[in-house]
Amino acid sequence: MSTPSPQTLSWPAALPSAARTRLENILVGLPEHRRTTFALRTARWWDDLLEGLAPYPQPADVAERVLELAAAAYRDRDEELHLLDERRSLEPDWFQRPGVVGYAAYAERLAPEGSGLAGVADRVDHLKDLGVTYLHLMPLLRPRPAPNDGGYAVADYRQVRADLGTMADLRELATTLRGEGISLCLDLVLNHVAREHPWAEAARAGDEHYRRYFHVYPDRTVPDAYERTLPEVFPDFAPGNFTWDEELEGWVWTTFNSYQWDLAWENPDVFCELADVILFLANQGVEVLRLDAIAFLWKRMGTVCQNEPEVHQLTQALRAVARIAAPAVIFKAEAIVGPNEVVHYLGQGRHHGKVSDLAYHNSLMVQIWSMLASRDSRLSTHALGRFPAVPSTTAWITYLRCHDDIGWAIDDADASAVMVQGWRHRRFLSEYYSGEFDGSPAEGLVFQHNPATDDKRISGSAASLAGLGSALAALEAAFDEVGVEEAAVLVDRAVARVLLGYAVIHGFGGIPVIWSGDEIAALNDDAWADTPEHADDNRWAHRPRLDWGRVLQAREDPGSAPGRVLAGMRQLAHVRAGLPHLHASVPAEVVASPDPGIFAVLRRHPVGPLLGLYNITETPRQVPAWWLSELGLAPEQTIDALNGYPPNLEADGSIYLSTYQPVWLVRP
Ligand code: GLC
C-alpha cells in the first residue's frame, strides 16, 4: 500500500499543509480509494463547514480540529456503513419517498418486558406490518439516575442504559433493523447534559476547563437580566431558567429541569465534543439523529434565547462534519417553534439545503387537533397556507401524537385573520381536550398550567383525546338497546377521528410518524403516576408500554376499536407507498375548501394532482364539482386512492364525504 503524498489527494485549497499531513496520518492505513473519498468530501463540504463555524473567533482552527475527529471516525467506520454511505449518496431522496413511514417508541416499552434492546427485534414484524421503515427509539443512552426526564438527561453519550444492554447490542439492533429495511433514529440531546455527566462533575469539582462548558454565574445579576425575556419550559416543576448549585458555587443555566445543564455552545470545545458524539453514534449504525431542543443552543441577552442565527450556523457545521465522515446520516430538528422560525431548521437563505433534513411539523399536529375540536378548517387553512416553502430536498415529520404534551401553538395573527381570538381559542382547546368543555368526549390531562400566560398544555394519547375512552365507558354503562346504539356511534366517531388524523399526516407529504400505541388505539395509562419519579409529569399518561395483548386482539378482531385502527393504519401506509404524489419534494398546498367542514391539501406532482379531502366533522359533507375542476380534477375522472374506487358522486357531480371520511383524489 502506497502512502500518498499531500499533492495526490484533492484537499480543499484553503486547508494548510500541516493540517493535510495530520489528516493523512490518520487515514494512512486505508486503501487509496477511501483516502481519496475522504479528501473529496472534505473539499466538497469545506466551505459549509467553515461558514458554519463563523460564530467562533478562530473558525479555521476549529475546522481543522473537527476534521481530525471526522477522519478518525471515517477510518474506524464499518465496511457495511461505508457501503450504506455510498448507497445513500446514490439515492439522496431516500427519506423523502412515499414508502417511508416512521414509528417512535421507548425501547423498553416496545420490546417484550425485560428483553432490552435485543427484544426490539421481536417487534420488527409488527413494524413491518405497519409499513414502518424508520424507527425512533426514545433516549437510551445512559442517563442520570431517575428522575431524568425520560432519558433526556444524559450522563454518558457512549454507553447504553444498563437495563437495555450494551453498545454492542445497539450496533446489532441497528444492523438487524437495516437488514429489514428500517433506519434507526436516536436522540442527540445537545442542548444539555445531566448534572452527573463527567463534564458537569468536573465543573462541580472546580475544573475551570469544564466550568466553561456551562453557563455559570456567581450571583443573580446576569441570570436576572436574561430572565427578563426568557419564557419557562416547565413552569410547574422547574420554574425559572437557572439553578443554584452548591458545589459549583454558582447559578447554572437549566432551561429544562434543574438537573439538565445547558451546554455553552459558544465554547468551541463543546462543539468538538458534540461533533465527536455524532460521529460515534453514526458509527454505531444510527442513521437519523434527532437534534433535541435544538432551538435553545445559543443564548443572547434580551431575547427568548431560541432560534438565534448561530443555531443554524452551528447546525450547518455539524451537518458538514457528518457529510464528510458518514453521509448516510441525516439530521432531524426538534424545534417546536412558530412557522416563521421552524422553516429555518430545514434551511432558508444561505443555509438552504445545509442544515437539518427533517423537522417536526408541530403546527400541523396542533391544527389537526384544533380542527377536530372546532369542526372548522378555516383557521388551520389560513395558518398552514401561509407556511413559507421549504427546500425540496427536505421533509417534514408529520405526526398526530408523540411522547410530549401538546402546546396550543395558535398564532394570534392567524386567529384574528379568521375572526377568532387567539387566547380564547387556545383556552377552548385546553378545555376541550381536558374534557372540561361541555359535551367534549376528550380525556386529556392539563400539563404545566402557567398562570402568568394562562397556557395549559395537554397530555393524553391520541385515542383518549379523540374520545375513545369515554365512548367505551358509555358503551359499558349502557343498559338498553338504544343506549348501546348511541354509545356505539360514539365509539365509531372516536375511531374515525384517530384515523382521520392519521390520514392527514400520511397524506401531507414528509414522513408520517406513528406514536407507539396509537396503532392499536391505546388509551391513557391510568397507572402513570405509580412510578414515583414520573408522578409529577403526566406526559407519562400517554407513554404506556405497548400492550401486546391488544395488538393480538386488534389482529384477530378487525371489528374492535383497536382492530379498526390497526387495519386503517396499515391501509394508509400501503396506499401511500404507491403514490408518487406523496414524495416529500413536492410541496403540500393547503387550500381553502368551500365548506369549512372540509380540510383540503393539494399536491401538484408532475404525474398529476393529489387532492386530500378530510371531513373534520361528524356530519356528511359535499364538495362541489366546480371547485374540483378549478383545482384541475374532474370529479368523474378521479378515483379515491384510499379505496381504489371512484368517489361517491351526487347527482350534481359533487363529491360526498361521510362522517370523518378522508379521500385522496387522484387521476387513475
Ligand atoms: C425535548 C423532548 C422533551 C424533553 C426536552 C428536554 O423537547 O421532546 O421530552 O423534555 O426536549 O430534553
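Using a 10 Å Cβ count of at most 14 others and DSSP loop calls, identify the longest part of the chain lacking such chymotrypsin sites (Phe, Trp or Tyr not before Pro).
The longest uninterrupted stretch comes out as 238-478.
Could you give the size of the charge dipole of the stretch 198-262 about its Cα centre, using +1 on the Cβ of each K and R and -1 on the Cβ of each D and E, expressed in debye and rounded to the nearest 20?
In debye, rounded to 20, the stretch 198-262 gives about 180.
Over the chain, calculate the relative contact order: mean separation of alpha carbon pairs under 8 Å at least 6 apart, over the residue count, as a percent.
12
Rounded, prolate or oblate: which one fits the stretch 291-366, using the alpha carbon gyration tensor with axes a ≥ b ≥ c (rounded when a/c is under 1.5, else prolate when a/b beats b/c, else oblate)? All intermediate terms of the calculation are to be shown ahead of the outcome.
Details: a/c = 1.92, a/b = 1.31, b/c = 1.47.
It is oblate, given that a/c is not under 1.5 and a/b is not larger than b/c.
How about the stretch 199-238: which trypsin sites (Lys or Arg not before Pro) there lie in a loop by DSSP and see at most 16 other Cβ atoms within 10 Å?
Arg212, Arg220, Arg228
Answer with one residue from Asn257, Tyr226, Trp199: the one whose Cα lies farthest towards the positive end of the charge dipole of the stretch 198-262, charges on Cβ with Lys, Arg +1 and Asp, Glu -1.
Going by the Cα projections, it comes out as Tyr226.
Let me have the relative contact order for the stretch 580-666, percent, based on Cα pairs under 8 Å that are six or more residues apart. Could the numbers behind the result be given before it?
Working: 181 pairs, mean separation 24.9, N = 87.
Taking the mean separation of contacting Cα pairs over the length of the stretch 580-666, I get 29 percent.
Return the inverse of the average 1/r over all pairs of distinct C-alpha atoms in the stretch 55-209, which is the Kirkwood hydrodynamic radius, in Å to one decimal. Mind showing how you got there, number by number?
On the way: mean 1/r = 0.0560 Å⁻¹.
Taking the inverse mean of 1/r over all distinct Cα pairs, the stretch 55-209 comes out at 17.9 Å.
Counting only Cα, what are the radius of gyration and maximum Cα-Cα distance Dmax of the stretch 334-430, in Å?
Cα radius of gyration and Dmax of the stretch 334-430 are 13.8, 40 Å respectively.
Which entries in the list Lys128/Lys354; Lys299/Lys332; Lys299/Lys456 go over 24 Å, if you measure between the two C-alpha atoms of each? Before the final figure, lay out each step's value.
On the way: Lys128/Lys354 31 Å; Lys299/Lys332 21 Å; Lys299/Lys456 26 Å.
As for pairs spanning more than 24 Å Cα to Cα, those are Lys128/Lys354; Lys299/Lys456.
How many angstrom separate the Cα center of the stretch 5-72 from the Cα center of the stretch 565-644?
First find each Cα centre; the distance between them is then 48 Å.
Give the percent of DSSP beta bridges with both residues in the chain that are antiparallel, rounded to the nearest 5.
60
Using 0.36 nm per residue, how much length does the chain from Glu113 to Arg604 gain when fully extended, once their Cα-Cα distance is taken away?
172.2 nm
Could you calculate, for the chain, the ratio of the Cα radius of gyration to the Kirkwood radius, expressed as Rg to Rh?
Here the Rg-to-Rh quotient is 0.97.
Once the dipole of the chain is set up with Lys and Arg at +1 and Asp and Glu at -1 on Cβ about the Cα centre, which of Ala415, Phe214, Trp298 lies farthest towards its positive end?
Trp298
Can you bin the stretch 555-653 into rounded, prolate or oblate? Criterion: square roots of the alpha carbon gyration tensor eigenvalues sorted a ≥ b ≥ c, rounded for a/c under 1.5, prolate for a/b above b/c, oblate for the rest.
Verdict is oblate for the stretch 555-653.
Using helices alone, what [θ] at 222 nm do you get for the chain, with -39,500 (n - 2.57) per DSSP H run of 4 or more residues, divided over all residues and rounded to the nearest 500? Display every interim value, and only then the final one.
Details: 24 runs with 257 residues, N = 668.
Result for the chain, helices only: -11500 deg cm²/dmol.
Residue separation times 0.36 nm, minus the C-alpha to C-alpha distance between Asp530 and Ala13: what's the value?
180.0 nm
Can you list residues from other chains, or at least 5 along the same chain, whose modelled amide H is less than 5 Å from the amide H of Asp156?
Arg142
How many percent of the alpha carbon pairs in the stretch 375-441 exceed a separation of 20 Å?
In whole percent, the long-distance tail amounts to 43.
For the charge dipole of the chain, defined by +1 on Lys and Arg C-beta atoms and -1 on Asp and Glu C-beta atoms about the Cα centroid, which residue among Asn362, His82, Pro98 has the Cα displaced farthest towards the positive pole?
His82
Using the Cα centre as the reference, give the magnitude of the dipole from point charges on the C-beta atoms of the stretch 580-666 (Lys, Arg: +1; Asp, Glu: -1; all else neutral), rounded to the nearest 20 debye.
I would put it at about 280 debye.
Rounded to a whole number of µm²/s, how large is the Stokes-Einstein D of the stretch 198-262 at 25 °C and 0.890 mPa s, given Rh as the Kirkwood radius over C-alpha pairs?
Calculated translational D: 205 µm²/s.
How much of the accessible area of the stretch 580-666, probe 1.4 Å, is carbon plus sulfur, in whole percent?
55
Over the stretch 385-486, what percent of the accessible surface lies on carbon and sulfur atoms, probe 1.4 Å?
Of all accessible area on the stretch 385-486, carbon and sulfur atoms account for 54 percent.
How much area per residue is accessible in the chain when the probe is 1.4 Å and only protein heavy atoms are counted (Å²)?
That works out to 37 Å² for each residue.
Could you tell me the distance between the Cα centroids of the stretch 464-482 and the stretch 497-539, to the nearest Å?
Their Cα centres are 20 Å away from one another.
Can you give me the distance in nm between label points at Asp236 and Val489, each placed 7 Å from the Cα along the Cα-to-Cβ direction?
3.5
Only sites in a loop by DSSP and with at most 12 other Cβ atoms within 10 Å count here; which GluC sites (Glu not before Pro) in the stretch 214-288 make the cut?
Glu246, Glu247, Glu249
Treating only the Cβ atoms of Lys and Arg (+1) and Asp and Glu (-1) as charged, compute the dipole magnitude of the chain about its Cα centre; round to the nearest 20 debye.
Result for the chain is approximately 2060 debye, rounded to the nearest 20.
Could you work out what % of the accessible surface of the stretch 198-262 is carbon and sulfur, using a 1.4 angstrom probe and leaving DNA, RNA and ligands out of the count?
Working: 1460 of 2960 Å².
Whole-percent figure for carbon plus sulfur exposure: 49.
What nm distance separates the two modelled labels at Val418 and Ser392, each placed 7 Å from Cα along Cα→Cβ?
Result for the modelled spin labels: 2.9 nm.
The values are calculated or read from the model by the stated rules, or taken from the named source; none is laboratory data. This structure is a prediction, so every number in the text was calculated from the model and none was measured. Reconstructed Cβ throughout: ideal geometry from the backbone, glycine too, with neighbour counts over all protein chains shown. The accessibility values were calculated without ligands, DNA or RNA, using every heavy atom of the protein model including side chains. Shrake-Rupley method; radii C 1.70, N 1.55, O 1.52, S 1.80 Å.
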